[in-house]
Amino acid sequence: MRNLTIALLILFVSVTNAQEKKGKILKEIFKYSTFYGAYSQTNAIQNNQTFYVDQDNTLHETTQKNPADFMMTYGWRKLANFQYEDRNRFYIGDENNASTKSNIGNVKGLEYLFQYSTGRQQGREFENQQAFIRYLAKWWLVKGEYKKNELVDLNYKSAEARARFAIGKKLSLSLGVAYRTYDKAYGHNPIEAYLQDNNWWDLSYSVGHTDELYQMVSTSGQSMGYDYQWFDADGVLLSNSDLDYRNNVFQDVVNNYNKEQLSMIGGFQQISAIAGLDFYHYRNNFWLHIYGNVLPYHELLSGDERYSYDNFYGSNDYIDYSAGGVIGIRITKNIGLYGEINLQRYWDREIRSIKAGVNIKI
């Protein structure tokens with residue numbers, strides 16, 4: 001009985017310690033994190049009125065009416081704000097998060113961001129996703145990232161491991177490797193290759209569209225030349241002219257062809273060298289935060305080499321990068337200047353944002 005009691009006590013202590021450790025881990029993950037959701041809607045920019053007159057002299061309005069722009073976002077984040085960032089703001093999902101772009105943080109340890117957005121911009125519906133997780137230590141960092149941005153057609157996953165080197169209290173360098181996967185053959189344009197050996201209308205014929213030559217005649221009976229009417233596979237009229245067909249119908253044929261051809265190529269995996277630089281200075285009347293990452297060399301691990309970006313560029317030493325900076329100046333007690341820039345170029349896709357402003361308190 002005594003031995004059983006001792007065994008039960010040991011088991012109880014072990015379970016208690018395990019639960020305490022589990023509790024500490026969960027506390028570390030959830031502490032200071034924020035769940036958020038937001039919805040915004042604005043009027044879309046409307047185009048000037050446009051019209052089309054058909055062969056029967058009937059006027060048709062062809063103005064493109066854009067529905068309202070909107071965006072719905074929800075996410076979960078744990079990011080330590082830098083001293084120049086507003087710690088009391090409500091998150092709506094369109095913030096530029098310096099912590100996800102730089103290689104330093106306001107605190108060491110675990111940081112993350114998981115965000116999903118869906119919406120419409122100028123009549124175009126989109127879905128954006130972002131996942132970011134990083135563990136920052138004194139001499140090293142590891143980071144994982146997933147980004148899907150349909151507005152610029154960029155989609156990739158990455159994992160990084162780097163060594164960190166502090167130079168003084170404000171400058172930090174980092175060196176390591178980045179592993180990236182992506183599903184699209186960036187740099188390859190299937191329709192461009194198609195048109196080298198085919199006429200543009202051959203692609204229309206391949207999807208069931210047909211054209212019919214007709215003579216244009218004025219109200220006085222005089223010939224005004226010839227043009228083509230275009231019909232779909234069911235014989236429904238699509239367009240009364242070649243120009244109108246190319247401007248308003250053929251673009252969808254091209255987009256569908258490109259999407260189909262690119263999906264047949266498959267995805268890619270590569271490993272790249274990566275280096276980062278970060279400079280951070282903060283005072284109440286002046287702050288400067290500069291960060292940048294460069295990927296100067298790449299090795300393809302899997303994927304069709306014929307359609308790799310290495311083959312498109314001509315070598316594997318093309319430069320991918322992400323960079324940015326924030327500056328704030330308090331000129332007087334009531335006057336201040338602010339600026340922010342963010343740049344990213346991965347393969348042939350670019351993301352740019354610039355903000356600048358002045359505040360004058362009266």
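The values are calculated or read from the model by the stated rules, or taken from the named source; none is laboratory data. From a predicted model like this one, the values you see are computed outputs, not experimental measurements. Counting neighbours? That spans all protein chains shown, and the Cβs are built from the backbone with ideal geometry, glycine included. Protein only, heavy atoms only, side chains kept; ligands, DNA and RNA dropped before computing areas. Shrake-Rupley method; radii C 1.70, N 1.55, O 1.52, S 1.80 Å.
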- Restricting attention to the range 253-272, and to residues there that are of a type in the set (A, V, I, L, M, F, W, C) and open to solvent by 40 Å² or more (accessible area, probe 1.4 Å), which single residue is nearest to Asp317 (Cα to Cα)? Ile271
- In the range 261-292, the residues that are free of Cβ contacts under 8 Å to residues at least 40 places away in the same chain and not in a strand (DSSP E or B): Ser263, Met264
- Checked the range 309-362 for anything hydroxyl-bearing (Ser, Thr, Tyr), open to solvent by 60 Å² or more (accessible area, probe 1.4 Å) and closer than 28 Å to Arg283 by Cβ; matches are Thr332, Tyr338
- Looking at (1) modelled with pLDDT under 95; (2) of a type in the set (A, V, I, L, M, F, W, C); (3) out of contact with any Asp or Glu (no Cβ under 6 Å at 6 or more places or on another chain), which is the one condition that is false for Phe268? (1)
- Condition test on Tyr186, is it hydroxyl-bearing (Ser, Thr, Tyr), in contact with a Phe, Trp or Tyr (Cβ under 6 Å, 6 or more places away or on another chain) and assigned to a loop (DSSP other than H, G, I, E, B)? yes
- Message: Condition (residue is closer than 30 Å to Leu295 by Cβ, at pLDDT 90 or above, in contact with a Pro (Cβ under 6 Å, 6 or more places away or on another chain) and not in a strand (DSSP E or B)) applied to the range 249-258: is it met by at least one residue?
- Response: yes
- Task: Output the residues belonging to the range 207-227 that are at pLDDT 85 or above and open to solvent by less than 80 Å² (accessible area, probe 1.4 Å).
- Result: Val207, Gly208, His209, Thr210, Asp211, Tyr214, Asp227
- Query: Does at least one position in the range 238-252 carry a residue that is within 26 Å of Tyr307 (Cβ to Cβ) and open to solvent by 70 Å² or more (accessible area, probe 1.4 Å)?
  - Reply: yes
- Boolean, Ala193 is part of a strand (DSSP E or B) and either surrounded by fewer than 19 Cβ atoms within 10 Å (Cβ to Cβ) or at positive phi (or both): no
- Candidates Tyr146, Tyr135, Tyr179 - the one that is closer than 30 Å to Pro67 by Cβ, of a type in the set (Phe, Trp, Tyr), open to solvent by 20 Å² or more (accessible area, probe 1.4 Å) and assigned to a strand (DSSP E or B): Tyr146
- Message: So, Asn106, is that one over 18 Å from the mean Cα position of the chain (by Cα), farther than 28 Å from Leu277 by Cα and at pLDDT below 85 or not?
- Response: no
- Take Tyr39 and decide whether it is open to solvent by 60 Å² or more (accessible area, probe 1.4 Å) and either at pLDDT 80 or above or within 30 Å of Asn248 (Cβ to Cβ) (or both). yes
- Item | Evaluation of Arg349 against (1) over 27 Å from Ser99 (Cβ atoms); (2) modelled with pLDDT under 95 (one fails), failing number | (1)
